[in-house]
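Step one of this worksheet: look at the structure below.
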Amino acid sequence: MKKKVEFKGTREGIILQLDSECDFEELLDGLKDKIEQGKSFFSGATVIGIEGRTLNRREKEEAEKVFSTSGIQVARLDFIERLGHNSSSEKVKTVRETIEKSEHRSDSAVKESVEKAVEAPSSGGSSEGVAQRSDDQAKIVFGTMRSGRSIIYPGHVIVVGDVNPGAEIVAEGHIVVMGTLRGVAHAGSAGDSTATITAFRLNPTQLRISTLITRPPEGGQAPELPEIARIRDGNIMIEPYL
């Protein structure tokens, strides 16, 4: 019988594994029982992510209250998707190492963009897309997205790896690729014209933001620096992320 709530210990912290088909209230009760059963084990621990399902903002807040009253710290309650064969611990380590390397390459602005996307602050904009994303959240994908892979998500999408030609990301929020973006990326898919697409190296097959579409010129060479695509004056503009 599949358990509703499980904890996976890693070197970086604890990953919360949740049943994707279970009602959240049942999961919350299961979480309380699990913590009660292992008080000494969980005391002082840190939760670094979730596997199995995505939590909206309200669910995250309720889960954080349970952890807080039990002395368990929460670093992130974002969904972790596994594409490769690495352990979750290795993937969490990879994202941290990638961020550290980005600082040494003087592109710390990209790191700041990733952190903003994960925190998903509410925007001051009034577009329909922003209104539909009242429960902003981020999906984190570790590993290379190969041809044929498609991600459609009602929030922000962060890929720690490359996006190959033939792969596609569709997000209602921002898209951040901590690697090379060669596939198709569509940010602000619900109509948010303030959404952006950021990558360590931007060489896409196609970029879309809200209802606008652009393609790179044939034979063009992508610069070896982080770039960001955003809408300016009714057009998609690609600029250095400095």
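The values are calculated or read from the model by the stated rules, or taken from the named source; none is laboratory data. A quick note: this is a predicted structure, and the numbers were derived from the prediction, not measured. All Cβ positions, glycine included, derive from the backbone under ideal geometry; neighbour counts span all protein chains shown. The accessibility values were calculated without ligands, DNA or RNA, using every heavy atom of the protein model including side chains. Shrake-Rupley method; radii C 1.70, N 1.55, O 1.52, S 1.80 Å.
So here's what we get for this one:
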quantity: Positions within the range 179-201 being crowded, with 24+ Cβ neighbours inside 10 Å and in a strand (DSSP E or B), in sequence order; calculated: Leu181, Ala185, Ala187, Ile197, Thr198, Ala199
quantity: Boolean, Gly173 is touching a residue at least 24 places away in the same chain (Cβ under 8 Å), more than 13 Å from the chain's Cα centre (by Cα), outside any strand (DSSP E or B) and under 17 Å from Ile236 (Cα atoms); calculated: no
quantity: Test: residue in the range 128-142 that is in the same structural domain as Leu212 (by TED's automatic domain parsing), among the hydroxyl-bearing types (Ser, Thr, Tyr), under 24 Å from Arg215 (Cβ atoms) and modelled with pLDDT under 50; calculated: no
quantity: Qualifying position, being at pLDDT 80 or above, open to solvent by less than 20 Å² (accessible area, probe 1.4 Å) and touching a strand residue (DSSP E or B) at 6+ places or on another chain (Cβ under 8 Å), among Glu6, Glu51; calculated: Glu51
quantity: Residue check, Ser40 at pLDDT below 80, assigned to a helix (DSSP H, G or I) and not assigned by TED's automatic domain parsing to the domain that holds Val157; calculated: yes
quantity: Search result, residues across the range 71-81 that are outside any strand (DSSP E or B), free of Cβ contacts under 8 Å to residues at least 60 places away in the same chain and crowded, with 16+ Cβ neighbours inside 10 Å; calculated: Ile72, Arg76
